[in-house]
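Engineer: This is the structure, below, for whatever I ask next.
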Amino acid sequence: MFYAVAPEGERGGVLRALSRDGRPAGEPEPVPDLAAAVAERERRSAPRWVWASTARIYPRLLRAGVRVARCHDLELTEALLLAFDGRPGESRSVPAALARLRGLPPPEESHEEEGEQQSLFGGAVEPLIEAVTQVYGAQAARLEGRLRLLAAAESAGGLIAAEMSHEGLPWRADVHDELLTGLLGPRPSPGLRPRLLQDLADRIAAAFGHPVNPDSPQQLVKAFAGAGFPVASTRAYVLKGVAHPAVPLVLEYKEFARLHTAHGWSWLDTWAKGGRFRPEYVVGGVVSGRWATRGGGALQIPKVLRRAVVADPGHVLIVADAAQLEPRVLAALAGDAAFAEAAAQGDLYAALAEVFSDTPGGPSARDKAKIAMLSAMYGGGTGEAVQLLTVLKQRFPAAFEYVESAARAGERGEMVRSLLGRTCPPASAEYRDLITTEAGRAAAASRGRFTRNFVVQATAAEWALAFMALLRPRLPGGAHLVFFQHDEVIVHAPEGEAEAVTRALHAAAAEAARLLFGSTSVVFPMEAATVPCYADAK
């Protein structure tokens, strides 16, 4: 059973039973307590809930203690369909989707909370439940085969993201403060630098012989030029080639200033409340399907601060990541028998090392395998990588051709798709004009590198979504997903459930591979560590 959902006010809402293809299976049913009504139906039949936005609606249910098994997120799905049609960036809201169905211009965006009624077109008021019903029906008619699976996985991702924000990542503010104090010195007064940064700033000024604000790239560039070392920027790779005594001081200052700005005491006051870090995840926030976050920098937690991620008393963290995920995805996508055989091993690069054992000099054979694979997936053809890519092409022609074909399509301005149908943005008209000129070669090469990696990275993101969706119902009671980053997850669980969680991780990884790639010989091993603290995992 499917139910369309339209919240109303602070507690109420409207439900409507739907068939799988979106046709109404009943009249709209007002309910005074939406959370209670959802919970009652969830216990009875575990339906799929159809709503405008999981990110806006599900937190309300979670706060009421209600969790759901499945949903269809109209906005996430509309974004997938718009990208599939080569129209990314258009509004994915329910009113905009309904307007497109009717051949009307979309209404202006509204950031107001969901309500039973919305002004959709020219001031006309239409019940939101009707809009949800019609938009779902139109989407269901288009979702076939793998695209249907992609929409289901993306919607499951929306549920997982909301649940992780609700649970929060365990975070010890006192440990964080101790780490900052040990690295930077005591917490400074507002507007002042920590002791370490001020000391470095003073030493930088002394090295130049006059005051310089190390937070200002313009002042640093001017200071280096005045000392006889003109530089184009203050990027690390540029400064490392400059023989001036201020260089190591500037590089150290930039490193610790970044920590202070991005994850210092202000971050701690804002984000680590009640012993939890609760970022707002953005499902599909990157065009390849990878997630992003709004504030908090959850996807860039510095290693030095992982010591602050500590399990609650009586609990542990199970930290797991998919080893060498993208090369394994390429092996499964390409159907290259020789490459798939190597990808059936625990350490893919070690299995590939034999291929490069005869190439003279340089890194180890395993490292050469890694360089060749990354060059194939991300683009690159200078120095030793050229020779290594040639060897890769000779031994694994199908895998090499898979990414080469995507690169050539991108260079021509075409769209490419992931395994399930996630679609890269189309080339602009300006790009199509540019690549007909001599100056367009660099632009074409850049787009080719993008599409080369897109087909692999986007499919890897789909595997990760499927893996989490399959892991979620397997987790034992009391265990919760609390963190996700590309190919890594953290589960917070009672100590006695650690083994069950680890078994669930391995089972979900294997089933995700079967779901996406069928009877592939490629394995997707999960390296799991049960630890009291995130920093202890690696």
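Engineer: Pull up the range 489-538, narrow it to residues that are in a strand (DSSP E or B), open to solvent by 40 Å² or more (accessible area, probe 1.4 Å) and touching a helix residue (DSSP H, G or I) at 6+ places or on another chain (Cβ under 8 Å), then point me to the one that is farthest from Ala337 (Cα to Cα).
Structural biologist: Thr530
Engineer: Shifting gears a bit: State all residues of the range 89-101 that are open to solvent by less than 60 Å² (accessible area, probe 1.4 Å) and out of contact with any Asp or Glu (no Cβ under 9 Å at 6 or more places or on another chain); if no residue qualifies, say none.
Structural biologist: Ala99
Engineer: Give me a count of the residues in the range 43-62 that are crowded, with 22+ Cβ neighbours inside 10 Å and within 22 Å of the chain's Cα centre (by Cα).
Structural biologist: 4
Engineer: Restricting the first residue to the range 309-323 and requiring it to be among the acidic types (Asp, Glu), which pairs with a second residue that is open to solvent by 20 Å² or more (accessible area, probe 1.4 Å) meet a Cβ separation below 8 Å and a spacing of at least six or different chains?
Structural biologist: Asp312/Gly275; Asp321/Asp487; Asp321/Glu527
Engineer: Somewhere in the range 470-487, is a residue under 14 Å from the mean Cα position of the chain (by Cα), assigned to a strand (DSSP E or B) and charged (D, E, K, R)?
Structural biologist: The answer is no, given that none of the residues of the range 470-487 is under 14 Å from the mean Cα position of the chain (by Cα), assigned to a strand (DSSP E or B) and charged (D, E, K, R).
Engineer: Checking the structure you have, find out if any residue of the range 235-251 is at pLDDT below 95, of a type in the set (Lys, Arg), closer than 30 Å to Leu150 by Cα and open to solvent by 20 Å² or more (accessible area, probe 1.4 Å).
Structural biologist: No.
Engineer: Does Gly241 satisfy the condition of being over 23 Å from Pro188 (Cβ atoms), free of Cβ contacts under 8 Å to residues at least 60 places away in the same chain, part of a loop (DSSP other than H, G, I, E, B) and not hydrophobic (A, V, I, L, M, F, W, C)?
Structural biologist: yes
Engineer: Within the range 412-419, can one find any residue that is open to solvent by 50 Å² or more (accessible area, probe 1.4 Å), on the phi > 0 side of the Ramachandran plot and small (Gly, Ala, Ser)?
Structural biologist: No, the conditions are met nowhere in the range 412-419.
Engineer: What about Glu78, is it at pLDDT 95 or above and charged (D, E, K, R)?
Structural biologist: Judged against the criteria, Glu78 is a match.
Engineer: Has the range 207-223 got any residue that is in contact with a Pro (Cβ under 8 Å, 6 or more places away or on another chain), open to solvent by less than 40 Å² (accessible area, probe 1.4 Å), among the small types (Gly, Ala, Ser) and more than 25 Å from Trp291 (Cβ to Cβ)?
Structural biologist: yes
Engineer: Considering the range 475-488 alone, what residues qualify as being under 18 Å from Glu527 (Cβ atoms) and open to solvent by 40 Å² or more (accessible area, probe 1.4 Å)?
Structural biologist: Selection gives His486, Asp487.
Engineer: Can you tell me which residue among Arg258, Arg187 is of a type in the set (D, E, K, R), open to solvent by 70 Å² or more (accessible area, probe 1.4 Å) and in contact (Cβ under 8 Å) with a residue 12 or more places away in the chain?
Structural biologist: Only one candidate passes the filter, namely Arg187.
Engineer: Here's something else I'd like to know. Go through Leu470, Leu434 for me and flag whichever is within 14 Å of Met526 (Cβ to Cβ) and open to solvent by 10 Å² or more (accessible area, probe 1.4 Å).
Structural biologist: Result: Leu470 is the single residue among Leu470, Leu434 that is within 14 Å of Met526 (Cβ to Cβ) and open to solvent by 10 Å² or more (accessible area, probe 1.4 Å).
Engineer: Scan the range 270-289 and tell me whether some residue there is in a helix (DSSP H, G or I), out of contact with any helix residue (DSSP H, G or I) (no Cβ under 7 Å at 6 or more places or on another chain) and surrounded by 15 or more Cβ atoms within 10 Å (Cβ to Cβ).
Structural biologist: yes
Engineer: Please pick out the residue among Leu192, Leu159, Leu180 that is farther than 26 Å from Glu8 by Cα, touching a helix residue (DSSP H, G or I) at 6+ places or on another chain (Cβ under 9 Å) and in a helix (DSSP H, G or I).
Structural biologist: The conditions single out Leu180.
Engineer: List every residue pair whose Cβ atoms lie under 7 Å apart, where the two residues are 6 or more positions apart in sequence or sit on different chains, the first residue falls within the range 512-538 and is more than 18 Å from Ile490 (Cα to Cα) and of a type in the set (Ser, Thr, Tyr), and the second residue, located anywhere, is open to solvent by less than 30 Å² (accessible area, probe 1.4 Å) and at pLDDT below 90.
Structural biologist: From residues that are more than 18 Å from Ile490 (Cα to Cα) and of a type in the set (Ser, Thr, Tyr), the pairs are Thr520/Ala340; Ser521/Ala340.
The values are calculated or read from the model by the stated rules, or taken from the named source; none is laboratory data. Bear in mind the structure is a predicted one, so any value in this text is a computation, not a measurement. A quick note on method: Cβ atoms are made from the backbone with ideal geometry, for glycine too, and the neighbour counts reach across all protein chains shown. Accessible surface areas use protein heavy atoms only, side chains included; no ligands, DNA or RNA. Shrake-Rupley method; radii C 1.70, N 1.55, O 1.52, S 1.80 Å.
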